[in-house]
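*Asks:* The following block contains the structure, expressed as structure tokens.
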Amino acid sequence: MTALTLVLQEIRQRLFSFLPGVLAIALATGVVTASFSLLEAHDRETALVLQNKQQEVQKEMDAMEDEYRKITKKMGFNILILPKAQTLADFYSDHQATHFMPEESVKKLAAATITTIEHLLPLLQQKITWPELGRTVILVGVRGEVPFMHRGEKNPILYPVPPGTVVLGHELATSRSFAVGNEITLMGRRFKIHAVNPPRGGKDDITLWINLSEAQELLGKPGLITGIMALQCKCAFADLPKVQAEVESILPDTQAIEFATQAQARAEARQQARKTAEQVIAQWKAGRDSVRDQIKSYATAWAPIVMAGCFLGVAAMAHSNARERRQEVGILSAIGISQGNIFAIFLLRAAIQGLLGSLGGFIAGIALTSAFSSAAVPLNTSWMLVPAWLAPSLLLATPTAAALAALVPAAVAVQADPANILGEE
Amino acid sequence: MIEAVNLNMSFHSHTGTVHALQGVSLQVNVGEFVAVRGASGSGKTTLLLACAGLRRPDSGHVRLLGTDLYSIASPARAKLRAESVGFVFQQFHLIPYLSVLQNIMAPCLGSKIQHAESRAKELLDQFGLSRRAGHYPQQLSTGERQRAALSRALLNSPKILFADEPTGNLDPDNAALVLQALRSFARNGGAVLLVTHHEDSARTADRTITLKEGKPA
């Protein structure tokens, strides 16, 4: 005959007064387990969906990257070589250069064994007032492509404008109803319209292209150019600084800048698309975090209340049990069971209540998580959502808490006078 | 074995003070069966509880097996009871959720009893309860319950038996059986203090002390 046998027999006898205590503890344990495992399930689901979303974005970005690579391979970048002293702010704001470089520079570059540039086009560009029409235009003098000396003959990317002719931007032509073959007067000199460019949606639409020598004469800049266009550079966007460094090493008094190209625009669009996608993901993640915070705050607020309520419930039930067992306490005391041993019998009962409750609550908490978490957390893996430390903690803390709840009722019970109890009918 | 000297005990209630024991002295020696008789409220149960170490008198001394009962701590008194004393009550006071065998073995919770299970079975056999070992108290007749209670009291081979109206709820046959057991216990070197208001039961004892209003009559 052991104390455990006695306790187990008593539990069997008074199962219906024992079970509510187990259920109360199971409720408290279940709330705690479910709180932790729901949070973990939420985190795992977030991580999984986030990973999928990031993979989708990466896939799209990779596809765009590939497209971008193909585009840049075909198109190349456009580089404009300007005098080093040229302020880019002025150049960008006024569409004209304030500094000049010798036309001979282009020959020096053409003579160099530079491999990343396909075509060299010297130009003289100024923003002028077209005196005959009284409007601001951009005058560009071009001489056609300068061939690289160490390379074979190639088809020129841009043909030179023949002397005495002009190529007009689309806006200039349409606003004045100029057509190919018409003659115009520019700064007192007559030019035949050689071509009208299609609309390009920029400064090109108000630009006149004439022969470089004629432009140098008209602008009073003999032997000078404002820059060299290096077209269809064979380089990836990321290698641009290398090309710039190579050009600037050959022409130290110059600077190389990259024109806004379609490829660059696409690259920027791609960057923007990534940024937008990342923002969408970040917003989604913020939403998930907010839900997580809500779950956490509910758990933080309710779990202690439920636990305290259950603790009080167990204490009340222990008190009721102790009252019910007054006579038993008297008998045990009379046959020589010490108060300490009787006290231990009450606490052992409460601890068993706590142990069963915590086991039941733990299983219920996991089942609850399975029911409420998404398909991202399969049922058979729900138990893995519970932090490793939680189960042993609950199995240790809950019986201890239940025993603590029974402490006062047990103490009161064993303090009762057995003589009085045995005298009761 | 039992020596009570000049025991006094009073209870206070809203109706006034009740003097349960007034200068009662008692001695029960080895092999002696002593009955305490008296009407209800005469103080006989109070005397038994005081002698058993379950109720401290207001004054006086109780020596049990040479130990001054109320000069030692409660756990030591419990140990003394567990090792040397047996109780039989009118209400049997069996634990309802333990089987007969488990009830008989209940004193094992208080002290280590050598060969408790074989001793318990021996007692079951002795008191004709062998076939009732697995039954619960509520499944027994009153006679069987008292025999089970008596078996429990004898499990630890006590030196002293305290019996409080053990035949009060029994038919004559079972009452005789219980009294015979008490007598036999005393003959075998034990000491029995029986509290009863039945003259027939008291007659079985070696000696009878009569109490009236807490005093020896």
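Every number in this text was worked out from the coordinates using simple rules, so none of it is lab data. Nothing here was measured: the structure is a model prediction, and the numbers come from that model. Glycine also receives a Cβ, built like all others from the backbone with ideal geometry; neighbour counts cover every protein chain displayed.
*Asks:* Return the long-range amide H neighbours of A:A97 (sequence gap of 5 or more, or a different chain), with a cut-off of under 5 Å between placed amide H atoms.
*Replies:* Long-range HN contacts for A:A97: A:Q125, A:K127.
*Asks:* Next question, about the same structure. For chain B, what is the mean residue ellipticity at 222 nm derived from helices alone (per DSSP H run of n ≥ 4: -39500 (n - 2.57); sum divided by total residues; nearest 500 deg cm²/dmol)?
*Replies:* Mean residue ellipticity, 222 nm, calculated: -9500 deg cm²/dmol.
*Asks:* Follow-up question, since we're still on this one. Which net charge results when you count Lys and Arg as +1 and Asp and Glu as -1 among the other residues whose beta-carbon is under 13 Å from that of B:A20?
*Replies:* On the way: positive: B:K44, B:R55, B:R56, B:K212, B:K215; negative: B:D58, B:E213.
Charge balance near B:A20 sits at +3.
*Asks:* Among the listed pairs B:K44/B:K121; A:K108/A:K221; A:K127/A:K192, give every one whose C-alpha distance is greater than 31 Å.
*Replies:* Beyond 31 Å between Cα atoms: B:K44/B:K121.
*Asks:* Now for a separate question. Assigning unit charges at the beta carbon (Lys, Arg +1; Asp, Glu -1) and nothing else, what dipole magnitude in debye, to the nearest 20, does the protein assembly as shown show about its Cα centre? Intermediate results must be reported in sequence, preceding the final value.
*Replies:* Details: 61 positive and 55 negative charges, 217 e Å.
That gives a dipole near 1040 debye.
*Asks:* Quick one: Karplus J couplings for segment A:99-107, per residue in order, coefficients 6.51, -1.76, 1.60, θ = phi - 60°, nearest Hz, x for Gly and Pro?
*Replies:* So the J values, rounded to whole Hz, are 10, 10, 9, x, 4, 4, 4, 5, 5.
*Asks:* Step through the residues of segment B:44-51 one at a time and calculate ³J(HN,Hα) from phi using the Karplus curve (6.51 cos²θ - 1.76 cosθ + 1.60, θ = phi - 60°), rounding each to whole Hz and writing x for Gly and Pro.
*Replies:* Values, residue by residue: 5, 5, 4, 4, 4, 5, 5, 5 Hz.
*Asks:* How much length is gained if the chain between B:R183 and B:H61 is pulled fully straight, taking 0.36 nm per residue apart and subtracting their Cα-Cα distance, in nm to one decimal?
*Replies:* Separation in residues times 0.36 nm, less the Cα-Cα distance, equals 41.2 nm.
*Asks:* Can you tell me what share of the DSSP beta bridges in the protein assembly as shown is antiparallel? A percent to the nearest 5 is fine.
*Replies:* Details: 50 of 78 bridges.
Taking every DSSP beta bridge with both residues in the protein assembly as shown, the antiparallel ones total about 65 percent.
*Asks:* With only alpha-carbon atoms in the gyration tensor, what are the semi-axes of the equivalent ellipsoid for the protein assembly as shown, in Å, largest first?
*Replies:* Over the Cα atoms of the protein assembly as shown, the semi-axes work out to 118, 21, 19 Å.
*Asks:* If you take every residue apart from A:I210 with its C-beta less than 15 Å away from the C-beta of A:I210, what net charge results, scoring Lys and Arg +1 and Asp and Glu -1?
*Replies:* Value of the local net charge: +1.
*Asks:* Here is a further query. Mind giving me the FRET efficiency for B:D206 and A:L312? R0 is 56 Å, r the Cβ-Cβ distance, nearest 0.05 is fine. Don't skip to the answer; put the middle values down first.
*Replies:* Values: r = 57 Å, r/R0 = 1.02.
After rounding, the FRET efficiency stands at 0.50.
*Asks:* Continuing with this model, one more query. Please compute the net charge surrounding A:P199, taking Lys and Arg as +1 and Asp and Glu as -1 over other residues with Cβ under 13 Å from its Cβ.
*Replies:* Here the charged neighbours net out to -1.
*Asks:* List the relative contact order of chain B as a percent without decimals, with contacts defined as Cα pairs under 8 Å and 6+ residues apart.
*Replies:* 32
*Asks:* Still on this model: If you find the alpha carbon centre of segment B:122-200 and of segment A:180-229, how far apart are they in angstrom?
*Replies:* Taking the Cα centre of each part, segment B:122-200 and segment A:180-229 sit 134 Å apart.
*Asks:* Also, I was wondering about something else. When the dipole is taken about the Cα centre of segment B:60-217, and only Lys, Arg (+1) and Asp, Glu (-1) are charged at their Cβ, what size is it in debye, to the nearest 20?
*Replies:* Roughly 420 debye for segment B:60-217.
*Asks:* Taking amide H positions as placed in the peptide plane 1.01 Å from N, state which residues far from B:G31 in sequence (5 or more) or on other chains have amide H under 5 Å from it.
*Replies:* B:G189, B:G190, B:A191
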